[in-house]
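Notes follow the structure.
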Amino acid sequence: MSIKAYQRAATQAEAPRDLEYRAFGLVTAGLVRVKDEQPPAAALAEAIDANRRLWNLLSADCSAPENQLPPALRGQIISLALWVGRYSGEVLRQGADLGPLIDINRTMMEGLAAR
């Protein structure tokens, strides 16, 4: 079986919550790696971009009328996504600490892991 076919089968078998947890795990690992290793600026920008794209996707999903999360929770996720976007800019432009982005992602992962 090709890798693409395997990936397609894996994503079809996972629950949305599990997919979100895995996505947060991947982008958070990238942020941690960048924080620990202090790589070139391009690697930092790539990790920030991946994190920002994940949050933008969550925000768009929470904005959709068919989203079944409670409205208050949807609003909180959208607010967090806006904050992530603003703070990511501070990291890139002003060298702000990556810690708060990592912390918020880990908090989301804890929430997704709770069943």
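Nothing in this text is a laboratory measurement; each read-out follows from the coordinates by a stated rule. Every value quoted in this text rests on a predicted model; they were computed, and no experiment measured them. Positions of Cβ are backbone-derived with ideal geometry, glycine not excepted, and every protein chain shown enters the neighbour counts.
Brief remarks on what is shown
- The lone exception for Thr28 - which of (1) farther than 22 Å from Ala114 by Cβ; (2) touching a Lys or Arg at 6+ places or on another chain (Cβ under 7 Å); (3) not basic (Lys, Arg) it fails: (1)
- Taking region 66-90 as the range and being of a type in the set (D, E, K, R) and outside any helix (DSSP H, G or I) as the test, only Glu66 passes.
- Residues that are loosely packed, with under 11 Cβ neighbours inside 10 Å, at negative phi and not in a helix (DSSP H, G or I), drawn from region 91-115: Ala114, Arg115
- Among the residues making up region 62-115, a single one is over 15 Å from the mean Cα position of the chain (by Cα) and hydroxyl-bearing (Ser, Thr, Tyr): Ser63.
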